[in-house]
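First up is the structure itself, then whatever we jot down about it.
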Amino acid sequence: MAVEQAVIVAGGKGVRLAKLAETRPKALVEIAGRPLIEHQILVAKRYRIRRLLLLTGHLGGVLPEHLGNGERFGIEIAYRHEDRPLGTAGALKAAEALLDEEFFVFYGDIIFDLDLDRLAAFHRKQGTIATLVVHPNDHPQDGDVVEVDCDSRIIAFHTKQRPPGTIVPNLVNAGIYLLSREIILLVPNGEFADFGLDVFPQMLRTGHALSAYNTPEYACDAGTIDRVAAVGRDVLSGKVARRNLSRPQKAVFLDRDGVLIEEKGERVTFDLVQLLPRTIKALSRLNHSDFLSLVVTNQSGIAKGFLSESDVARTHNGIDTMLGEEHCYVHSYFICPHHPEGGFPGERSELKIVCNCRKPLPGMLLRAAQQLNIDLGASFMVGDRTVDLAAGHSAGVCVIGVRTGYGCADGLMTVEPDFLCDDLLSATMLILQHQSFLDPAARLAKQIATSGATMVAVGGLSQTGKSVFAHLLRWQLRRHGRGAEILHLDDFLRPKAERKALPRVGDRYDTPAIAAALAGASRRTDTTLIAEGVPALALPAVRDPADRRIYVAIDEALRRDRFLALYRDRGYDERQAQALYDERDVEERATISASSVYADMTVTNEL
């Protein structure tokens, strides 16, 4: 049954909004061409909320003038005005007679788009009289945060007045609650009372249970001029709506030790934590993308008795604090505390089991996918050990190995990644720079799995992303239970000294050797050969036997930037890199661009 009432706390003065809120309540400040409160009303309407109660204060008479009784929104709106500030809880107490048995509370300066049905189901399962929506953000030092136990019960509150550097999790009170009416009995009558500062902490002190609903969905206060602009951009770009958990999400699963932090063995406590050099940059880029960043980590030290759950929680709180100080975050941590082997002094017998969550098994990834509605076919695993790679393959995500930590060379398993990168930042850039390939690779793989195509040719100008597309296609074919092999045509380039005397791009490749390799490749009906390289569609030896022909394109300015960056990394100075680009442009552009006419599918790399 849907929750039918929501209360919007809209009495604040909006001091931080300066001139934007001088003549109107902050709930009427425009976000992306619409008053903020109307964004909230539209979400409420979508989730079958029938009645809104607005708690007004500063300039409160303006809201009824603008919104009326709610008829034009298809929702009933009532008002309760406070003559003097009573705080978020005190204002609700004063409106006690107007409350349902169960109701949402939205703070009036929050732009959000949450799956409220999912939140209601969680609240009822928890059985507490209050559920707080919490989430990580890039400015946790500005907000009140909570600590939770493994059952999502709140065990501590930390206000934003806490001392700098306090070790806390990045679980910020989002200003959205689901409450049972009996909580009003705990609010003093006629007095100023704030939920975050007074009521909730007092409930903990007196033994009342509170739940925290940790969600990656969009919830951001628009209480400053800068945030009004930023939130407006997120609304217009569709990011706010895309984060709703009713929609499939994309994720980057991250091993912890050796990927985010230095590898220090299985007795890691917070005092030993060191972030790897480019972790901050990587997470900052992920946080600004549509990907969730989720840590999946084996913590067998708990089962062995080396560490407690609270030790691991404090380590993660410390990581959160360090990341928060640099304005970035991970969305959530998933841990496996189990270990199957005995013989450790102080080990915990209840955790010495064979489980399905300990990597190389995919249980943590699958649990996250179920909990957060993750599309594993559009997600990635980044790890430094072979058990990470195996877990990713088993879950069906694209697997990226990194050279940090164990560098995928621990020898525990025989398994290869789909890609190998220097570190998390390199892996992140590979993902973000080629995410536009995900949908076409998935569609093409489905078509190939249906048709049984045994050869695909992937061509295009240099630095368009052909090799990445080929590897993503191989991964997607694997998801369909189909084998795939990649033939890189660059492996058949003639020696550099010979290439200088060969003006035509096709002549620079050993075509007879390519033809022999294609003839000798396994052409089993359950396997697809992917031949990728600049001349794949220009060379008849590659093009003609292919069942599917793909041309990869990119904006020329972006291609030039990538080309110059590549050769600068190879030691060329700017002049040399530009000269090589110009030379290749003359030699390749006409021939390779013309080969696009043979393609039955063009894929554009939209960075």
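Every number here is computed from the coordinates shown, using simple stated rules; none is lab data. Quantities reported herein were computed from a predicted structural model and do not represent experimental measurements. Virtual Cβ from ideal backbone geometry, glycine too; neighbours counted across all protein chains shown.
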(request) Starting from the Cα of K500, draw a straight line to each of the lysines and keep only those under 29 Å, dropping any in the same chain fewer than 8 residues away. (result) K466
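As a footprinting exposure proxy, order S293, S300 by other Cβ within 10 Å, with the fewest listed first.
Going from sparsest to densest Cβ surroundings: S300, S293.
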(request) Report the equivalent ellipsoid semi-axes for region 87-223 in whole Å, largest first, defined as the square roots of five times the eigenvalues of the gyration tensor built from alpha carbon atoms. (result) 21, 17, 16
(request) Tell me the label-point distance for the pair N69, A515, using the 7 Å Cα-to-Cβ offset, in nm and rounded to one decimal. (result) 8.4
(request) Please give the contour-minus-distance gain from E182 to L420: 0.36 nm per residue of separation, less the Cα-Cα distance, rounded to one decimal in nm. (result) 80.1 nm
(message) Which trypsin sites (Lys or Arg not before Pro) in region 152-198 sit in a loop by DSSP (not H, G, I, E or B) and have at most 13 other Cβ atoms within 10 Å of their own Cβ?
(response) none
(request) Sort largest first and round to whole Å: the equivalent ellipsoid semi-axes of region 535-607, each the square root of five times a Cα gyration tensor eigenvalue. (result) 27, 14, 10
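Give me the net charge of G190's neighbourhood, meaning all other residues with Cβ under 13 Å from the Cβ of G190; Lys, Arg count +1, Asp, Glu -1.
Local charge sum for G190: -2.
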(request) Quote the Stokes-Einstein diffusion coefficient, in whole µm² s⁻¹, for region 216-305, based on the Kirkwood radius over alpha carbon pairs, a temperature of 4 °C and a viscosity of 1.567 mPa s. (result) 82
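Can you check what the net charge comes to around G346, using other residues whose Cβ is under 15 Å from the Cβ of G346 (Lys, Arg +1; Asp, Glu -1)?
-2
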(request) Starting from the eigenvalues of the Cα gyration tensor, five times each then square-rooted, give me the equivalent ellipsoid semi-axes of region 383-448, largest first, whole Å. (result) 23, 16, 7
(request) Run down the aspartates and glutamates and flag those whose C-alpha is under 16 Å from the C-alpha of K160, throwing out any fewer than 8 positions away in its chain. (result) D138, D142, D144, E147, D194, D198, D221, D320, E325
(request) Any of K264/K359; K281/K359; K250/K352 with alpha carbons more than 21 Å apart? Name them for me. (result) K281/K359; K250/K352
(request) Provide, for q = 0.10, 0.17, 0.19, 0.21 Å⁻¹, the log10 of I(q)/I(0) from a solvent-free Debye sum over equal Cα point scatterers in region 394-492. (result) -0.30, -0.87, -1.06, -1.23
(request) DSSP loop (so not H, G, I, E, B), at most 16 other Cβ within 10 Å: list which trypsin sites (Lys or Arg not before Pro) in region 100-133 pass both filters. (result) none
(message) Run through region 534-607 and list the trypsin sites (Lys or Arg not before Pro) located in a DSSP loop whose Cβ has at most 11 other Cβ atoms within 10 Å.
(response) R570
(request) May I ask for the longest run of the chain untouched by GluC sites (Glu not before Pro) that are loop-located per DSSP and have at most 11 neighbouring C-beta atoms (other than their own) within 10 Å? (result) 342-607
(request) Read through the labelled values [x] 32.3; [y] 26.7; [z] 29.5 and report the label of the one computed as mean projected area of the Cα convex hull in nm² from the structure. (result) [x]
